[in-house]
Amino acid sequence: MFIVFLILTFFINWGVRYKIEESRFVSEAESLFWQIDQIIEDNDESVAEIVDEFSQQCLTNALTAAYMAEANPELYTDIDALAAVAELLGVDEIHFFDTDGNLYFGTHPEYYGYSFSSGSQMGYFLPMLEDASLMLCQDITPNTAESKPMQYAAVWNENGTGIVQIGVTPDRVLAVQEGNDISDVFDMMPISDDQIFLAIDQSSCEIVGSTSESVMESSVASLGTFLSDENISAMTDTTIGDYVIDGQTYLYLIHHTDELVVVDLYEKESIMESVTVDSIIVSIYVFLFAVVFVIFITIYLNRKIIRSIITINSKLERIEQGDLSVTMVQNSVPEIRALSDHINSMVRSLINQAHKLSMALDLAQIPTGIVEYDCVTQKITATGKVREILHLSLDEYNESFRNADTLALKLKEIREINITEEKNILWFKGSDIYIKMESFQDRDSTLVLLMDISKEIQEKEIIKQERDTDILTGLYNRRAFYYNAEQSLSTASTPYYAICMIDLDNLKTINDVYGHEVGDVYIKSIADMIFFEGTFIAGRLGGDEFAVLLYNAPSEEALQQYIRAVEQEQDSHTLEVTQGNVVPLAFSMGCAFATVDDTDYINLIKIADHRMYQNKCSRKGSTQNIRYQG
C-alpha cells in the first residue's frame, strides 16, 4: 500500500511540476514578449525624435537659405554662389520657385521646368500656393526626378515673391531606421541555450529575425505547417503547443505585435528531464519523511508537539509586531524543527532581503541601490550598493541609516550639495560621478531608488566629442564651429569680436609631390599653430580651410594685437617632409571685425574670407616655391 502511495505521489508530482514548468515558460515568455514590445516602442520613439529633429533642421536651413537669398540677390542668378550657400548650410539642393509653383533656378539645372504639379512628391507643396504663411517639411520621399530618398522643406521668401526649397539626403535618419530591426532586439534578450526566438512578418509571412542561425536561414514553409499563412493568421497570443524542429520537440508560445508574429520555442526534453528529477527527489523525501514519522510520532507527539506549537505561536506574535530579533529554538520533533527552521529562514529572509536584492543587481551588473523605509515597523533596509553609490564612509552610513529622520536629513543634504539642472540627477562635484535618485511612496513604505548613470553620461560625452571634433586636427568640425560660434556670441560679455578665415598655402602641391600622408602632417602642423591670445574657438571647415572666432576681447585694439601675433607666424615655421628636405608652413589669413565691418557673424565670415583671398594673392609669389628634391 505504501509503495502504491509513493508511485501515485511520483506521478501526481510529475504532472503538477510539468504544469508548473509549463506555466513558468508562459510567464517568462510573456515577460520577454513585454520587454521586446518595450524595446521596439523605445526604438520607434528614438527614431521619431531623430526624424523630428532632422525635419526641424531642414526648416531652419530653408529659412536661412531664404534669408541669405534676400540679402544676396545674386544667388537668384549665380549657380556657383548658390552651390556655395548649399555647402555652407550642409544641404544637397536649393531651388527657387515662382508664385505659380514653377522651378526656375537652383543648384541643379536638370530640375528646371519642374513644378508643384509634377507628380505626388512635388505636389506635397501645392497648399503653399494658397497660403503664403505655410512652411512645409516633407517626410523622406523618393524625389520626382531621380527617385532617390530625399527630405525637402520649403518656405516663402520674406517679400512673398517666391518660394525657397532645400533638399537633403537623410543618410543619418535612414541609417538609424535600418539599425532598428528585430535581430538587434533579440540580441538584447536574456535567452537560455534551450530557447529559440523567431519573428515572422505578418504581411509577407517571411522570417525576419531569429536567435538560431539555422532557423534564420530557413523559410517559413520549411519549418512546417504550424507556421503556414493560415495558421499564423489564426494564432492568438494564448496559442501554446508542441512543435518539432530537426527532430527536437519544442514547447512554443505565440505573440503578435503590430507587424510581427514572435514565437518563443523551448526544448521540451529539458523541461521533462527537470520535472522527472524533481519528482524523484520529492518521492525520496516523502519516503524518508514517512519512515521518520512512523518511528518517532508515537514517542514525541504528546510531549513535544503541543508545547512547541504554543511557543512558536507566541514568537510568531512578536514577529508580527515587528520584532525580527526573535529566533526559534531547535526542537527534536522533525516537523516542529522544520517549522522552526522555516520561520528562522523567513526572518533571515526579511532581514537579508535588501542584501539579496543587492547581490542580484550586482550579478546583473546594474549599478543600482535601493533603500526602503517600512512605516509600520519603522525599519530601514538598504542594498549593499547604497553606501558605495552615495560615497559614504562606514560611520556616515551607520549614522545616516539609524532612523527615518537621519535618513531623510542625509538624502536632503546630498540633493542640495549635488543638484544638477536635470531633475533627479546628482553630480558629485570634482568627479565624473552622476547618480539618478527616484523615490516612491505607498501607504506602508517609502522606496528610494539610486542608479549610478556615470557610464551613460560619459558615453554621451564621448559621442558628442566624436560628432563635433575634426579627427585630424582636434579642432571643431564645420557643424560644431557654427553651433558653438552662435552659442559663444549669444553669451559674450563684450561687443568686440572678430572672425578670421585661414587657408593653407600649397596644400595641393604638397599632396601631389609628397603624398597625402605628408599633406595630413602639414594640415595638423598648421592647425597646431592656430593659437590666439584671449578667448577664441577654432574649427576646420573643409580640407584646407579654417575659421577662428575671437570674442570677449576688452577692445578692438586687443583683437588687433591678438591677430598680429598670429600673422607673424605665417611664414616663420618649416616642416621636414623628407630627410634634409623642408617646406615652409605657410597659410593665408583674412579677418573681419564686428565693430568695423558688420555685426552679423555670417557676413563677417564672407568679409574675412574675401580678405583671406586678397592676402593669398599678395603672398602668392612666396608660397609657390615647393619643388621635389629626391
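Since every read-out is calculated from the coordinates, none of them should be taken as a lab result. It should be emphasised that the depicted structure is a prediction, and the values quoted were computed from it without experimental measurement. Virtual Cβ from ideal backbone geometry, glycine too; neighbours counted across all protein chains shown.
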* What is the spin-label model distance, in nm, from PHE440 to ASN159 if the labels are put 7 Å beyond Cα along the C-beta direction? -> 6.3 nm
* Asked: Tell me, how many Å apart are the Cα centres for region 134-175 and for region 14-55?
  -> 37 Å
* Structure fact -> Here the FRET efficiency for GLU269 versus SER147, based on Cβ atoms and R0 = 56 Å and rounded to 0.05, is 0.60
* Asked: Out of residues 5 or more away from GLY534 or on other chains, whose amide H comes under 5 Å of its own, with H placed 1.01 Å from N in the peptide plane?
  -> none
* Among 433-440, 483-490, how do they line up from the highest to the lowest mean number of other beta-carbon atoms within 10 Å? -> 433-440, 483-490
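Taking a 30 Å limit on the Cα-Cα distance, which of the listed pairs LYS19/LYS385; LYS524/LYS606; LYS385/LYS412; LYS385/LYS460 fall beyond it?
Pairs exceeding the cut-off: LYS19/LYS385.
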* To do: Report the percentage of all Cα-Cα pairs in region 486-623 whose separation exceeds 23 Å, rounded to a whole percent.
  => 34 percent
* To do: Could you work out how far apart the two model spin labels at ASP468 and ASP258 are, taking each label as a point 7 Å from the Cα in the direction of the beta carbon, and quote it in nm?
  => 3.4 nm
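Based on the Cβ-Cβ distance from ALA83 to MET135, what FRET efficiency comes out when R0 is 25 Å, to the nearest 0.05? Don't skip to the answer; put the middle values down first.
Values: r = 24 Å, r/R0 = 0.94.
Calculated transfer efficiency: 0.60.
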* To do: Note the full-extension length gain between VAL208 and GLU70 as 0.36 nm times their separation in residues minus their Cα-Cα distance, in nm to one decimal.
  => 44.6 nm
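Explain nothing, just the number: relative contact order of region 474-607, from Cα pairs under 8 Å at least 6 residues apart, as a whole percent.
Numbers: 210 pairs, mean separation 45.7, N = 134.
Contact order relative to length: 34 percent.
Residue separation times 0.36 nm, minus the C-alpha to C-alpha distance between VAL596 and ILE309: what's the value? Before the final figure, lay out the partial values.
Values: separation 287, 0.36 × 287 = 103.32 nm, distance 9.76 nm.
Length gained between VAL596 and ILE309: 93.6 nm.
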* What nm distance separates the two modelled labels at ILE425 and VAL277, each placed 7 Å from Cα along Cα→Cβ? -> 4.7 nm
